[in-house]
Amino acid sequence: MAVAKPHGGQSIKQNYDLDQIWGDLRGGIEQVFQRLSMSKMRYMELYTHVYNYCTSVHQTEKGRALTAKTKKGAGPGGAQFVGLELYERLKELLKYYQVGLLDNGVKLMDEAVLKFYTQQWEEYQFSSKVLNGVCAYLNRHWVRRECEEGRKGIYEIYQLALVTWRDNLFRHLNKQVTNAVLKFIERERCGETINKRLVSSVKDCYVELGLNEDDPTARGQNLSVYKESFENQFLEDTERFYIRESVEFLRQNPVTEYMKKAEGRLKEEEKRVLEYLHETTLQRLLVTCDKVLIEKHLEIFHAEFQNLLNADKNEDLGRMFQLVSRIPDGLGELRNLLENHITNQGLAAIEKLGQEALNEPKIYVSTILEVHRKYNALVLTAFNNDSGFVASLDKACGKFINNNAVTKLANKSSKSPELLAKYISLLLQKSSKNPEEAELEDTLNQVMVVFKFIEDKDVFQKFYSKMLAKRLVQHMSASDDAEASMISKLKQACGFEYTSKLQRMFQDIGVSKDLNENFKKHLSNSGEPLDIDFSIQVLSSGSWPFQQSCVFSLPSELERCVTRFTAFYGGQHSGRKLNWLFHMSKGELVTNCFKNK
């Protein structure tokens with residue numbers, strides 16, 4: 001049925017009574033829901049029925065016509081829009097269709113009800129979208145106007161179809177459908193292969209049925225039906241299943257195997273959500289699994305953690321860390337256990353050294369580094385360098401380095417900083433066993449690891465300062481670059497004040513070299529050279545750990561050298577006073593009275 005248009009382009013409005021068109025319209029709608037083929041022309045005939053009825057000008061109050069004065073919804077030529085009676089008939093037709101479906105499915109169970117429900121839903125949803133297109137004019141004008149005026153219970157035709165399905169089919173079948181889905185999932189958890197498409201289709205239906213009835217035009221999903229009719233029960237079933245399985249598995253298998261089982265189960269559940277559940281289920285599902293698979297067994301994990309540490313089972317330790325880290329504040333006890341273990345391992349390693357370590361700084365420091373290296377690698381790989389486990393390692397090292405069998409034998413807590421300073425001195429002084437520059441730098445970096453844990457760093461500075469002074473004054477340093485590098489590391493660790501005297505000592509040696517060169521030039525220019533190869537080191541008072549020398553009578557040959565240099569230095573630096581440390585000086589006497597052998 002078409003609308004006739006005169007030559008002027010204006011539509012001639014006719015009085016379309018719903019009863020006139022309903023028979024043909026209903027037949028077309030039934031054709032749609034029976035999934036029979038439909039030509040484009042037939043589809044347009046149905047659309048035109050709805051259009052003509054909605055724009056008919058002689059409708060009664062029952063049709064809730066809108067007058068031409070209405071600002072919204074009025075079409076060209078002052079058309080009036082009606083639709084309530086048509087809307088109600090569509091609603092009854094959809095309800096009648098579903099009552100017939102319900103009779104066919106109400107007695108079905110398990111996979112049979114899933115196949116029935118999903119097939120009928122998919123066909124119904126498709127047909128409802130076609131019907132929505134047929135009623136597009138009704139949606140755009142009458143339904144829209146009713147919603148804008150705040151009338152409850154009025155939806156676009158597709159939403160009306162969903163509400164009708166929910167009220168007349170879903171509410172009667174959802175329990176057996178949901179139970180069938182839950183049985184499917186349990187079968188899959190037990191290793192069976194299931195038809196995942198059926199589960200996914202049920203999920204899609206439950207999600208689609210979530211309507212915002214307060215605002216039918218609101219966009220976005222409302223998951224109330226999905227959560228209330230499926231997700232809550234699914235999570236309860238999940239908890240029951242894994243409580244039963246975990247207890248039984250732990251009764252028959254070691255904890256290390258259980259951790260692999262739990263790890264696999266968690267991956268399976270994540271995959272399950274991706275394959276056929278709604279993405280919002282993932283968080284609640286994982287929280288439920290974490291509680292049942294991990295949190296309920298933390299005491300067993302803690303006991304096993306110590307066994308794994310004792311056996312150096314790093315892979316299993318890493319697996320346990322990954323599992324327990326999923327529990328809020330779950331890692332605290334593991335960190336405490338690790339700290340105690342490292343402390344005990346460090347104390348035991350040092351105790352094995354016995355008294356030998358009191359005079360062997362290399363053995364002492366190397367033992368400490370070996371313990372630290374082992375557990376630093378464990379923290380880095382198995383525990384992902386977690387800050388809490390790093391702190392446990394640091395605390396443990398601080399404990400066994402500063403208070404151990406060696407410090408007790410020496411009866412002083414300063415033994416560790418003393419031995420560390422001595423070890424560094426061995427590295428930096430000239431020796432036939434001096435390492436290559438790159439190797440030395442790497443060793444100094446390792447030494448700084450131990451230095452970090454030394455509590456009394458002032459004691460270390462005292463010993464280091466004395467040994468550095470001795471190396472510099474006696475020209476025993478293997479490398480000026482290595483000395484400067486070590487001072488730089490200490491400065492970076494403790495600040496400028498800590499190393500200011502050490503840097504000044506190092507600088508004094510450089511200044512003294514220049515001073516000796518200038519003194520030799522002075523002697524050469526004066527025409528009165530000394531008959532002795534004489535060199536000095538001028539050290540800043542207050543920077544060097546040396547005491548004033550006792551009274552000492554110099555030989556006349558040396559007295560002359562001292563006098564000449566004192567005069568030279570006074571000319572270079574007026575107001576400065578030289579205090580000679582004769583006890584720190586050395587001389588070499590060459591004799592010519594013996595025959596060479």
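Assorted remarks:
- Computed over region 212-332: relative contact order in percent, which uses C-alpha pairs under 8 Å that are six or more apart: 26 percent
- Size descriptors for region 231-332: radius of gyration and Dmax over Cα atoms are 14.0, 44 Å.
- Over all pairs of different C-alpha atoms, region 448-518 has a mean inverse distance whose reciprocal, the Kirkwood radius, equals 12.9 Å.
- For the pair E263 and D329, the difference between a 0.36 nm per residue extended length and the Cα-Cα distance amounts to 21.8 nm.
- S541 versus Q503: modelled label distance in nm, points set 7 Å from Cα along the beta carbon direction: 2.4 nm
- Between V390 and I532, residue separation times 0.36 nm minus the direct Cα-Cα distance comes to 45.1 nm.
- Tail beyond 25 Å, pair distance distribution of region 100-248 (Cα, percent): 37 percent
- Relative contact order of the chain, pairs being alpha-carbon contacts under 8 Å that are 6 or more residues apart, as %: 7 percent
- Entry for region 366-420 at q = 0.14, 0.16, 0.24 Å⁻¹: log10 I(q)/I(0) = -0.43, -0.53, -0.89, Debye formula applied to identical alpha-carbon scatterers, no solvent contribution.
- In the chain, the DSSP-assigned H stretches of four residues or longer account for a calculated mean residue ellipticity at 222 nm of -21000 deg cm²/dmol, using -39500 (n - 2.57) per stretch and the full residue count as denominator.
- Using the Cβ of L138 as centre and a radius below 10 Å, the other residues enclosed give a net charge of +1, where K and R count +1 and D and E count -1.
- Considering only Cα atoms, the convex hull volume of region 476-578 works out to 136 Å³ per residue.
- Shape metrics for region 409-459, restricted to C-alpha atoms - Rg then Dmax, Å: 12.4, 37
- Orientation-averaged projection of region 297-372 equals 5.6 nm² [convex hull of Cα atoms, one quarter of hull surface area].
- For region 268-423, the relative contact order is 23 percent, taking Cα pairs closer than 8 Å that sit 6 or more residues apart in sequence and dividing their mean separation by the residue count.
- Volume of the convex hull of region 315-427 (Cα atoms only), normalised per residue: 98 Å³.
- Nonpolar atom fraction for the chain, defined as the carbon and sulfur part of the 1.4 Å probe accessible area, stands at 48 percent.
- Only protein heavy atoms count here; on that basis, with a 1.4 Å probe, Y137 has an accessible area of about 20 Å².
- Taking the inverse of the mean 1/r over every pair of distinct Cα atoms in region 377-511 gives a Kirkwood hydrodynamic radius of 16.1 Å.
- Charge dipole (region 290-359, unit charges on Cβ, about Cα centre) - positive-most of N336, Q322, L353: Q322
- Taking a ≥ b ≥ c as the square roots of the eigenvalues of the alpha carbon gyration tensor, region 83-174 is prolate, as a/c is not under 1.5 and a/b beats b/c.
- Unit Cα scatterers, Debye sum, region 141-184: log10 I(q)/I(0) for q = 0.16, 0.17, 0.32 Å⁻¹: -0.56, -0.59, -1.01
- Net charge of neighbours whose Cβ lies under 14 Å from the Cβ of P417, counting Lys and Arg as +1 and Asp and Glu as -1: +3
- Shape parameters for region 165-286, alpha-carbon atoms, Rg then Dmax in Å: 16.6, 57
- Taken over the chain, the percentage of Cα pairs per 20 Å bin, counting from 0 up to the bin with the maximum distance, is 14, 25, 18, 16, 15, 9, 3, 0.
- FRET efficiency, 1/(1 + (r/R0)^6) with R0 56 Å, evaluated for Q233 and D17 via beta carbons: 0.65
- Once both labels are positioned 7 Å from their Cα atoms along Cα-to-Cβ, the gap between H302 and V247 label points is 2.1 nm.
The values are calculated or read from the model by the stated rules, or taken from the named source; none is laboratory data. Keep in mind it's a predicted model, so treat the numbers as computed, not measured. We place every Cβ from the backbone using ideal geometry, glycine too, and count neighbours over all the protein chains shown. Keep in mind that these areas ignore ligands, DNA and RNA; they rest on the heavy atoms of the full protein, side chains included. Shrake-Rupley method; radii C 1.70, N 1.55, O 1.52, S 1.80 Å.
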